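Worksheet for the structure shown next.
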Amino acid sequence: MKIYLKEVSKSYDKKVIDNIDLNLEGYDAVAIIGKSGCGKSTLLRLMTGIEMPDKGRIIVNDKELNKSNLIEYQDNIGIVFQKHNLFPHLTLLQNITLILEKIKKLPKKEAKEKAINLLDNLHLKDQMNKRPRFVSGGQAQRASIARALATDPEVVFMDEPTAALDPILTKEVLDSVIGLRNLGTKFVFVTHEIYFVRKFADYIIFMDEGKIVEQGTPNILDNPQTKRLQLFLENEGR
Amino acid sequence: MKKFKLVQIVLAFLLYIFLFVFIINEVADVLDFTFLIENKSMLINGAMLTIGMSIASFISSTIVGFIIFLMTESKIVFLKTIANIYKEIIMGTPLLVLVFVVVYIIGVAIGIRNKMMLGFLSLTFYMSPYMTNVFEGAYKSIDSSQFMVMDFYGFNLYQRYRYIILPQMIRPIIPGLINNLSGIIKGTSILSTIAISEIFYATSILSNKSYRYIEGYFVLWMVYLIITIPLSRLAKYLSRQENY
Ligand SMILES: Nc1ncnc2c1ncn2[C@@H]1O[C@H](COP(=O)(O)OP(=O)(O)OP(=O)(O)O)[C@@H](O)[C@H]1O
Ligand SMILES: [Mg+2]
């Protein structure tokens, strides 16, 4: 999938995304980094069509994203957020089968098989009949990754999927993500875990105050060209 | 510490019992409940009517309240406005006034004369906005991130309510519904003004005949409390239970 942002801006009370141009074509794991409040989550919401830009265009496979083709685009992507976002009244398994059965209209048996398979890939088979409140934060987050994968997305967008987790659970979730990348899923993700970015990303976008300040291969972490990225990396302490 | 707490609770109860006994003693020398016992079938029928009327109005006001709730959550401004006007009008009207409006204006206009039916309609109108409030409260307790997920996967309106919203509303509405049931039971006493022989009306008649108002209204008061206090305790208990 070709995703291309052209002169995209978005304001709330103030300008949050400031005239961003970005081409994600050809990368398998794009990391968006930057300090808190610089607009990473907003950029991700724009890229996933959850919000529309005030100015500029988002072009997917050579077609501008608009209300009429939004559903088709969102059918082909997955999202995972900081908080797990699972439906609290459904078990981990039901959270996935609901989407497959009722929205994607898969036959019941097929939906269940597929859901169990996905949960198994994320080592959750023994937890699948519990509701989100009764599993750990890491398990819930992995289940929401499984749900994001259920619709066979070409790209999965993740916004700090481990921000709410302690280091052990963070490692557990990130290891699963690495496993998925090896299976061929593409990712665009926001994270504060710089060591993970080094290990996982093949393209890095560093943002500050709504603008992209540096972008490129993981090399830019070793050779920051700007003072701002240098400072950011020092502050992250790794 | 725990023991001390218990002592305080017992003391609080004793204070109330003392007040009851004191007041009753002040107003009456001899209490005579025989007239109530002699006419107990009339009282039981009254109580039955109160309960029956309450349950019927509870069911109908829940249904009407739910429809009004759906309208207030609708994206169609016309429906939303109709629902909001309805809520404002009814919630601004005292039940006693509403009963007379229903009997002398609405009832006449639509040609209903049956006073039971008119009483039932009054209570239904009166309680339905409070039922709507209960539904709205439960709806608001659903985290906004879930709506984002539903948008993302393209849930339609039916799928939203059927699979996500309503199942999560059931538990949080129960305490509110119980409290409203209690409100309806108390509200039925107003129907005595249109001579519906529920328990309040029955007791008034008996007290009038025997001139034993103190005993009559005291027993009546106790009957209401025996029903409403357990309901309110149950609602409190259920609202403490965690929702998912
Ligand atoms: N829905 C909104 N309404 C108003 N302001 C918003 C909204 N969403 C974000 N903002 C503001 O936009 C700015 C960027 O927010 P954003 O969430 O994109 O930052 P972020 O880089 O993801 O930060 P963090 O690392 O803390 O998650 C912030 O100043 C934030 O307060
Ligand atoms: Mg963010």
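The values are calculated or read from the model by the stated rules, or taken from the named source; none is laboratory data. Owing to the predicted nature of the structure, the values given are computational and were not obtained by experimental measurement. Here the Cβ is made from the backbone with ideal geometry for all residues, glycine too, and neighbour counts use every protein chain on show. Surface areas here come from the heavy atoms of the whole protein model, side chains and all, with no ligands, DNA or RNA. Shrake-Rupley method; radii C 1.70, N 1.55, O 1.52, S 1.80 Å.
Summary of values
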| quantity | calculated |
| --- | --- |
| For B:145-157, mean number of other protein chain Cβ atoms within 10 Å | 5 |
| Global geometry of the protein assembly as shown, whether rounded, prolate or oblate, following the gyration tensor of its Cα atoms and the 1.5 cut on a/c | prolate |
| Rounded if a/c under 1.5, otherwise prolate or oblate - the stretch A:87-153, Cα gyration tensor axes | prolate |
| Other-chain or far-sequence residues with amide H under 5 Å of A:Val16's (modelled H) | A:Lys10, A:Ser11 |
| Estimated FRET transfer efficiency (A:Asn23, B:Ile170; beta-carbon r; R0 45 Å; 0.05) | 0.40 |
| Cα→Cβ-extended label distance, 7 Å offset, between B:Asp29 and A:Gln225, nm | 10.7 |
| Shape of chain B, Cα gyration tensor, a/c cut at 1.5 | oblate |
| Within chain A, helix-based [θ] at 222 nm, where runs of 4 or more DSSP H residues each add -39,500 (n - 2.57), nearest 500 | -11000 deg cm²/dmol |
| Inter-chain Cβ neighbour average for residues A:84-91, partner chain, 10 Å | 6 |
| Qualifying GluC sites (Glu not before Pro) in the stretch B:176-243, DSSP loop, other Cβ atoms within 10 Å at most 14 | B:Glu242 |
| Among A:130-143, A:85-98, the order from most to least packed when residues are scored by Cβ within 10 Å on average | A:85-98, A:130-143 |
| Nearest 10 degrees, 0 to 90: helix B:40-73 Cα axis against chain B principal axis | 20 |
| Shielding of A:92-103 by partner chains, average beta-carbon count, 10 Å | 2 |
| Loop chymotrypsin sites (Phe, Trp or Tyr not before Pro), the stretch B:181-226, which have at most 13 other Cβ atoms in a 10 Å radius of their Cβ (DSSP) | B:Tyr211 |
| B:Thr72 accessible area, assembled protein chains, probe 1.4 Å, Å² | 10 |
| Solvent-accessible surface (1.4 angstrom probe) belonging to A:Val173, in square angstrom, nearest 10 | 0 |
| Relative contact order of the stretch A:87-153, defined on C-alpha pairs under 8 angstrom at six or more residues apart (%) | 44 |
| Amide H within-cut-off set for A:Val213, under 5 Å, with H built and near neighbours excluded | A:Phe206, A:Met207, A:Asp208 |
| Where N is the number of residues in chain A, Cα Rg divided by 2.2 N^0.38 Å | 1.02 |
| Solvent exposure ordering (accessible area, 1.4 Å, most first) of B:Thr93, A:Thr170 | B:Thr93, A:Thr170 |
